[in-house]
1. Given (1) surrounded by fewer than 22 Cβ atoms within 10 Å (Cβ to Cβ); (2) in contact with a His (Cβ under 9 Å, 6 or more places away or on another chain), identify the lone condition not met by P163.
2. Looking only at the stretch 174-216, filter to residues that are assigned to a loop (DSSP other than H, G, I, E, B) and of a type in the set (D, E, K, R); which one of those is farthest from A348 (Cα to Cα)?
3. Failed condition for V249, given (1) assigned to a loop (DSSP other than H, G, I, E, B); (2) open to solvent by less than 40 Å² (accessible area, probe 1.4 Å); (3) closer than 24 Å to G19 by Cβ, with all others met?
4. Among the candidates R254, R234, R222, R293, which residue alone is touching a Gly at 6+ places or on another chain (Cβ under 9 Å) and not acidic (D, E)?
5. Which numbered condition trips up Y170, out of (1) away from ligand 1 (no atom under 16 Å from the Cβ); (2) surrounded by 18 or more Cβ atoms within 10 Å (Cβ to Cβ)?
6. Restricted to the stretch 258-289, and to residues that are in contact with a helix residue (DSSP H, G or I) (Cβ under 8 Å, 6 or more places away or on another chain) and open to solvent by 40 Å² or more (accessible area, probe 1.4 Å), which residue is farthest from L152 (Cα to Cα)?
7. Out of (1) in a helix (DSSP H, G or I); (2) open to solvent by less than 30 Å² (accessible area, probe 1.4 Å), what's the single condition that is false for I24?
8. Would you list the helices (runs of 4 or more DSSP H) that sit entirely within the stretch 255-365 and hold 3 or more residues that are within 30 Å of T162 (Cβ to Cβ)?
Amino acid sequence: MQTEIVKNMENKRVILVTGGCGFIGANFVHLLQRYRPTWRVVNLDALTYAGNLRNLQAISEGERYRFVHGDICDQPLVNALLAEEGVDTVVHFAAESHVDKSITGPGEFIRTNVTGTFTLLEAARRHWLGGEWPGRKPCFLHVSTDEVYGSLGPSGLFTETTPYDPRSPYSASKASSDHLARAYFHTYGLPVRITNCSNNYGPYQFPEKLIPLVLNNALHGRPLPVYGDGRNVRDWLYVQDHCEAIVEVLEKGRDGESYNIGGNNEKENIEVVTLLCDLLDEKVGLAPSGRPRRSLITFVRDRLGHDRRYAIDAGKIRAELGWEPKMDFARGMELTIDWYLANPEWVAEIVNGAYRDYYEAMYSH
Ligand code: NAD
Ligand code: DAU
């Protein structure tokens, strides 16, 4: 896959990445810098609490990259950006992404995930349809989640034809945005593709999500909150594998299609947490108390409506596009831990709020 990625350098695209300062978006922008040096990336991000300019501080503004601080719900801004940049590709990551936050405050999820997606689809419709695109083929790739399919029992896998059955305000907002995206394909012929991916992990993940939260607490000898009985199952995918899958869907996928993306890597939450504890003990020694980090595990009240199990059948993307996850879970966890250990200031600046000052520092002159 990586060789193919490098081979295909002649392609040119002007690509609007939304939410490029978040976890997956930032990894995607870094990946394009390496593998698609002829593409121009315009990163539109509102810098909510989850957006961090530090994630992209190594990338300079210029012919290949532009950052725009703005909201995907701002129709005039989005219309103008597509026109002035001649955008031919949208990769839409921007979202409110944390399930727990959607339970305590669903409103922002409806605004960003539903209205924001609608705003982008409208802009793409106005900008692309009826226009001439010699040598280029517009594409709107909507990045979504496996959570739209609901919750599985002990067996079975989500396929692209599994009926939607979202259970949290987050997944319901993502399901709504998927339906809108599909409706724009069927109604207007907008060239839309959708990806539904399982749980990502890796560098730059905001420390509200299970793996970076547990990692950070474990490092400092703090309790590790495990919801319910800890036996809920998630399928884990290393973030770079996800980003490579997105490039494959952009370049080889078909309009109007959905592609499930997964890691073939189902784990109970308690397995993930104990593996993290053991790897950290090996790498940095026991917890400050002198005990193994497993002793920090604390079972807490369950998440409301907690989906029991997610699992992906990624047979379609494998058969049609030749994509498969490459990263082994234990190796991916080691790489992730090594990244967080090598970048302690990254989490520290989130905890003390200093990451919010990067915009002023980088763009105020
Ligand atoms: P994230 O929360 O880390 O980042 C979201 C980014 O979107 C941030 O940079 C934020 O500033 C930006 N943003 C939020 N609201 C915005 C708005 N109104 N206008 C412009 N920018 C805005 O999210 P993530 O984990 O990187 O997820 C990215 C996408 O992938 C989401 O659509 C999510 O639903 C989907 N997804 C995530 C996972 C996962 O495991 N994290 C798995 C499958 C799918
Ligand atoms: O499946 C894809 C989804 O994965 C994405 O669409 C979401 O954007 C992403 O946040 C993720 O959702 P989850 O709810 O699965 O991820 P989270 O890291 O919040 O939780 C993973 C599991 O761990 C879940 O079963 C809840 C549990 N958990 C989570 C936290 C934060 C705990 O037990 N303790 C915790 O402190």
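1. Unmet for P163, out of (1) surrounded by fewer than 22 Cβ atoms within 10 Å (Cβ to Cβ); (2) in contact with a His (Cβ under 9 Å, 6 or more places away or on another chain): (2).
2. K209
3. Answer for V249: the failing condition is (1).
4. Just a single option satisfies the conditions, and that option is R293.
5. It is condition (1) that Y170 fails.
6. S289
7. Tallying (1) in a helix (DSSP H, G or I); (2) open to solvent by less than 30 Å² (accessible area, probe 1.4 Å), I24 fails exactly one: (2).
8. Those helices (runs of 4 or more DSSP H) span 269-284, 315-321, 329-342.
The values are calculated or read from the model by the stated rules, or taken from the named source; none is laboratory data. The structure presented is a predicted model; accordingly, all values stated were derived computationally and were not measured. Counting neighbours? That spans all protein chains shown, and the Cβs are built from the backbone with ideal geometry, glycine included. Accessible surface areas use protein heavy atoms only, side chains included; no ligands, DNA or RNA. Shrake-Rupley method; radii C 1.70, N 1.55, O 1.52, S 1.80 Å.
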